[in-house]
Amino acid sequence: MIALKLAFRNLIGAGLRTWQNVFVLSLAFVVIIWHRGIIDGWDHQAKRDMIAWDVAGGQYWHEAYDPYDPFTIQDSHSPLPTVWQEMIDQDKITPILIAQATIYPDGHMLNVKLSGIDPYQNILKIPTQELEVEGEDIPILLGTRMAKSTQLAKGDLVTIRWRDANGTFDAAEAKIAGIFKTNLPTVDNGQIYVPLERLRQMMQMPNEASIGIKAVNLEEPLPQSGWIFRDQQYLLADINAILEKKRVGGSILYFILMSLSMLAIFDTQVLSIFRRQKEIGTHIALGMTRGQVIQLFTIEGAMHSILAAGVAAIYGIPLLTMQAKNGFAMPASADDYGLAISEKIFPVYSAQLILVTVSLVFITATIVSFLPARKIAKMNPTDAIKGKLQ
Amino acid sequence: MNNGHIINIEGLIKRFPVGSGFFTALDGIDLSFGKGEFAGLVGPSGSGKTTLLNIIGSLDSPSEGKATVMGQSVGELSHKKAADLRNHNLGFIFQTYNLLPVYTVFENVEFPLLLLKMDKVKRKKAVMDALDWVGLTDKVKSRPKQLSGGESQRGAIARAMVKRPQIVLADEPTANLDSENSHHILQTMEKLNQDLEATFIFATHDDKVIQYLKRKISLADGKVINDELTPNRT
Ligand SMILES: Nc1ncnc2c1ncn2[C@@H]1O[C@H](COP(=O)(O)OP(=O)(O)OP(=O)(O)O)[C@@H](O)[C@H]1O
Ligand SMILES: [Mg+2]
């Protein structure tokens with residue numbers, strides 16, 4: 001096709017001007033893909049953390065248990081179903097007993113949620129093995145946020161007061177056996193982990209639990225009466241809703257970035273085509289039809305975006321791959337979102353994201369080349385040669 | 001082609017809209033040109049020379065009257081047909097050269113042949129021949145901005161001539177050239193006129209060009225006021 005050959009010639013002949021346009025466009029590609037990649041990577045990471053630290057393969061809840069209603073806690077416990085025992089022994093289900101307590105760090109009073117958890121469990125990422133300590137004091141484990149707000153450090157003692165199954169208040173000294181770091185604020189803020197057996201003794205609830213956490217790779221065992229299975233989808237619904245909201249916010253930014261790059265294309269393309277009126281008039285005087293001229297300049301504009309995709313690939317692939325490997329360091333304040341945010345986000349680039357971005361830029365570049373070219377090609381050629389259109 | 005004429009103009013009027021009214025740039029022109037003429041439209045600035053060349057070149061159309069070029073009435077041609085006519089039969093030389101800035105000299109001259117879909121080997125030979133006519137073979141790889149005014153004008157002539165058109169329309173081809181270059185170019189065109197039997201129509205008020213003309217058509221205020229053969233040059 002002659003238009004293809006001429007368009008290519010125009011691009012090469014235009015030299016620096018071509019490379020300027022191509023560079024602006026390639027920047028648009030890389031920034032948009034990077035930005036989307038960060039958002040997607042964030043989503044992935046947030047969900048991964050939820051699963052690793054909290055949800056695992058789903059949870060069995062005692063039928064009275066409602067995490068949003070603290071008053072349910074004292075009633076939502078019962079002995080484990082007998083069929084679970086084998087799976088607990090194989091580390092396929094880990095029971096957790098939940099209770100409420102008050103601690104008195106440094107003379108203050110603070111209500112906390114006590115979670116009795118098997119120190120030998122491997123289902124959740126919480127480093128419960130740190131609870132395997134001998135001694136009179138109750139070993140407890142807490143997260144860095146909790147440690148910071150209570151000013152407690154490893155080895156410190158703190159008084160715990162609780163009410164057992166009979167409604168009797170009791171108190172004891174607890175010793176911080178470990179402090180763990182997690183991206184997930186909900187397993188950290190206001191929570192204290194205690195060895196399961198110890199909590200059962202404290203509460204006088206032998207062999208009881210409030211929830212059972214199922215390993216990810218375990219097939220769902222038969223439902224037990226009195227226990228409700230909450231699958232991953234149910235447990236991730238909240239975070240999915242938040243992410244969805246965030247995604248809408250992200251889309252707005254995507255849209256803004258896209259508009260900016262379109263503006264850049266529009267600017268360079270429209271300006272250059274208007275500046276090239278005389279050239280277009282000359283093409284017509286030399287015997288090109290309007291259709292050929294429109295085709296030529298449209299292909300030229302479209303080729304910009306193809307070249308830009310190529311250039312973007314040259315510097316973008318190594319750059320974006322590096323980011324995906326090394327992660328993007330988030331500003332410290334990002335923790336305040338209340339979402340699981342790691343200090344580093346590892347962007348995820350999907351084929352769909354890349355394809356959509358490239359096609360969008362390609363289509364835009366083509367349209368913004370086509371429109372002014374058509375306008376000029378429709379002009380009286382004598383006016384175009386004079387460069388009359390301003 | 002009426003009576004062996006390659007161009008026939010009858011009662012041509014061209015008006016341009018100006019403000020709320022019209023300006024009459026060409027006011028009842030009757031002219032015809034035969035094959036192989038070397039003719040010039042001469043007259044003061046604003047007399048309508050360029051306007052007439054544009055209409056002959058099917059870049060513009062008459063408001064009234066008729067202009068027939070190679071048997072085709074330019075005002076009634078579709079855009080595609082007009083492009084065809086220009087592509088196959090017309091060569092333009094613009095006052096401002098209008099070389100395509102992104103192309104090399106070779107590519108500029110090659111351009112009309114690409115539109116004619118000429119094959120590569122023939123194309124290359126034709127381009128080199130045309131550059132040879134105007135003495136520009138040493139500049140094939142140069143870009144227009146690297147050329148002097150005279151070289152650019154010669155490039156534009158080569159581009160107009162390369163397809164050996166029936167009609168060459170040259171608007172002030174020497175306006176930006178010094179006397180030596182002007183003569184060189186006019187001699188080149190004179191030779192091409194003889195060798196190729198192409199019809200040349202100039203628009204000019206340059207005495208150097210006028211000396212070479214074999215027919216001098218004087219325009220004033222959009223009217224032909226004189227039309228004479230100048231046999232001394234024949
Ligand atoms: N597109 C246009 N709109 C309005 N008036 C025009 C237009 N084109 C030409 N004219 C007018 O028509 C007249 C003839 O213009 P033309 O360009 O043919 O003159 P010319 O003889 O070529 O002059 P010059 O020697 O200066 O090139 C001028 O008065 C010009 O102002
Ligand atoms: Mg003029």
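Let's see how each residue does on (1) modelled with pLDDT under 85; (2) among the hydrophobic types (A, V, I, L, M, F, W, C):
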residue: A:VAL248; (1), (2): yes, yes
residue: A:PHE266; (1), (2): yes, yes
residue: A:ARG290; (1), (2): no, no
residue: A:GLY301; (1), (2): yes, no
residue: A:ALA308; (1), (2): no, yes
residue: A:ILE341; (1), (2): yes, yes
Practice problem: Filter segment B:90-117 for residues that are aliphatic (A, V, I, L, M) and either within 16 Å of ligand 2 (Cβ to nearest atom) or without any contact (Cβ under 8 Å) to a residue 24 or more places away in the chain (or both) and give the result. | Solution: B:ILE93, B:LEU114
Self-check item: Residue that is surrounded by the most Cβ atoms within 10 Å (Cβ to Cβ), among those in segment A:1-19 that are facing chain B (nearest Cβ under 8 Å) and touching a Leu at 6+ places or on another chain (Cβ under 6 Å)
Solution: A:LEU6
Quiz item: What are the residue pairs meeting all of these: first residue in segment B:213-227, first residue farther than 10 Å from B:SER47 by Cβ, second residue part of a loop (DSSP other than H, G, I, E, B), Cβ atoms under 9 Å, and 6 or more apart or on different chains?
Solution: B:LEU213/B:THR230; B:LYS214/B:GLU37; B:LYS214/B:THR230; B:LYS214/B:THR234; B:ARG215/B:GLU37; B:ARG215/B:THR230; B:LYS216/B:THR230; B:ILE217/B:GLY43
Quiz item: On the given criteria, is B:LEU12 part of a strand (DSSP E or B), away from ligand 1 (no atom under 12 Å from the Cβ) and in contact with a Pro (Cβ under 9 Å, 6 or more places away or on another chain)?
Solution: yes
Practice problem: With respect to B:SER32, determine if the residue is near ligand 1 (Cβ under 8 Å from one of its atoms), under 18 Å from B:ASP227 (Cβ atoms) and open to solvent by less than 70 Å² (accessible area, probe 1.4 Å). | Solution: no
Practice problem: Return yes or no: is A:VAL22 surrounded by 16 or more Cβ atoms within 10 Å (Cβ to Cβ) and in contact with a Gly (Cβ under 8 Å, 6 or more places away or on another chain)? | Solution: no
Quiz prompt | Selection status of B:VAL127, of a type outside the set (Lys, Arg), at pLDDT 95 or above and surrounded by 21 or more Cβ atoms within 10 Å (Cβ to Cβ) | solution = yes
Exercise. List the number of the failed condition for B:GLN166; all other conditions in (1) open to solvent by 50 Å² or more (accessible area, probe 1.4 Å); (2) more than 14 Å from chain A (Cβ to nearest Cβ) hold.
Key: (2)
Quiz item: Name the pairs whose Cβ atoms lie under 6 Å apart, with the first residue in segment A:167-178 and in contact (Cβ under 8 Å) with a residue 60 or more places away in the chain, the second not charged (D, E, K, R), and 6 or more positions between them or separate chains?
Solution: A:ALA174/A:ILE138; A:ALA174/A:ILE140; A:ALA174/A:VAL158; A:ALA174/A:ILE160
Quiz item: Of the numbered conditions (1) open to solvent by less than 30 Å² (accessible area, probe 1.4 Å); (2) without any contact (Cβ under 8 Å) to a residue 60 or more places away in the chain; (3) more than 29 Å from A:LEU296 (Cβ to Cβ), B:ASN8 satisfies every one except a single condition; which is it?
Solution: (2)
Quiz item: Assuming B:ALA175 fulfils every condition listed in (1) in contact with a Gly (Cβ under 8 Å, 6 or more places away or on another chain); (2) closer than 15 Å to B:LEU53 by Cβ apart from one, which condition is it?
Solution: (1)
Practice problem: Kindly indicate whether A:LEU320 is in contact with a Phe, Trp or Tyr (Cβ under 9 Å, 6 or more places away or on another chain) and modelled with pLDDT under 80. | Solution: no
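Might you check whether a residue that is touching a strand residue (DSSP E or B) at 6+ places or on another chain (Cβ under 6 Å) and more than 10 Å from chain A (Cβ to nearest Cβ) occurs anywhere in segment B:111-123?
no
I'd like to check which helices (runs of 4 or more DSSP H) are fully inside segment B:33-123 and have at least 3 residues that are over 28 Å from B:LYS214 (Cα atoms). Walk me through how you get there before you give the answer.
On the way: elements: B:49-56, B:79-89, B:105-115.
Of the helices (runs of 4 or more DSSP H) lying wholly inside segment B:33-123, those with at least 3 residues that are over 28 Å from B:LYS214 (Cα atoms) span B:79-89, B:105-115.
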Self-check item: Given (1) more than 16 Å from ligand 1 (Cβ to nearest atom); (2) among the polar types (S, T, N, Q); (3) open to solvent by 30 Å² or more (accessible area, probe 1.4 Å), number of the condition B:THR50 does not satisfy
Solution: (1)
Quiz item: Across segment B:40-66, what is the total count of residues that are under 20 Å from A:PRO381 (Cβ atoms), touching a residue at least 60 places away in the same chain (Cβ under 8 Å) and more than 10 Å from ligand 2 (Cβ to nearest atom)?
Solution: 2
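Residues are listed down the side, and each one gets a yes or a no for (1) touching a residue at least 24 places away in the same chain (Cβ under 8 Å); (2) surrounded by fewer than 20 Cβ atoms within 10 Å (Cβ to Cβ):
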site	(1), (2)
A:ARG48	no, yes
A:TRP53	yes, no
A:ASP66	no, yes
A:PRO70	yes, yes
A:SER78	yes, yes
A:THR82	no, yes
A:ALA99	yes, no
A:ASN122	yes, yes
A:GLY135	yes, yes
Quiz item: Do any residues in segment B:12-24 that are farther than 25 Å from B:GLU76 by Cβ have Cβ atoms under 8 Å from those of residues that are exposed (fewer than 12 other Cβ atoms within 10 Å of the Cβ), where the two are at least six apart or on different chains, and which pairs are they?
Solution: none
Practice problem: Check whether at least one residue in segment B:136-157 is in contact with an Asp or Glu (Cβ under 7 Å, 6 or more places away or on another chain) and either within 16 Å of ligand 1 (Cβ to nearest atom) or open to solvent by 60 Å² or more (accessible area, probe 1.4 Å) (or both), and report yes or no. | Solution: no
Practice problem: Give A:GLN269, A:GLN292 a once-over and let me know the one that is under 30 Å from B:PRO101 (Cα atoms), surrounded by fewer than 22 Cβ atoms within 10 Å (Cβ to Cβ), polar (S, T, N, Q) and not assigned by TED's automatic domain parsing to the domain that holds A:PRO127. | Solution: A:GLN292
Practice problem: Pull up segment B:190-210, narrow it to residues that are free of Cβ contacts under 8 Å to residues at least 60 places away in the same chain and aliphatic (A, V, I, L, M), then point me to the one that is farthest from ligand 2 (Cβ to nearest atom). | Solution: B:LEU196
Quiz item: What do you reckon, is A:ASP188 in contact with a Leu (Cβ under 9 Å, 6 or more places away or on another chain) and among the charged types (D, E, K, R)?
Solution: yes
Practice problem: Please enumerate the residues belonging to segment B:191-216 that are open to solvent by 30 Å² or more (accessible area, probe 1.4 Å) and in a helix (DSSP H, G or I). | Solution: B:LYS191, B:GLN194, B:ASP195, B:LEU196, B:ASP207, B:LYS208, B:ILE210, B:GLN211
Exercise. Using the structure shown, decide if B:ASP132 is surrounded by fewer than 14 Cβ atoms within 10 Å (Cβ to Cβ), part of a helix (DSSP H, G or I), within 23 Å of the chain's Cα centre (by Cα) and more than 14 Å from chain A (Cβ to nearest Cβ).
Key: yes
Quiz item: Can you find a residue in segment B:57-65 that is surrounded by 15 or more Cβ atoms within 10 Å (Cβ to Cβ), within 14 Å of ligand 1 (Cβ to nearest atom) and closer than 13 Å to B:ILE167 by Cα?
Solution: yes
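The values are calculated or read from the model by the stated rules, or taken from the named source; none is laboratory data. Values in this document were obtained by computation on a predicted structure and should not be read as measured data. Please note: Cβ atoms are built from the backbone with ideal geometry, for glycine as well, and neighbour counts cover all protein chains shown. Quick note on the areas: whole protein, heavy atoms, side chains included, nothing else; ligands and nucleic acids left out. Shrake-Rupley method; radii C 1.70, N 1.55, O 1.52, S 1.80 Å.
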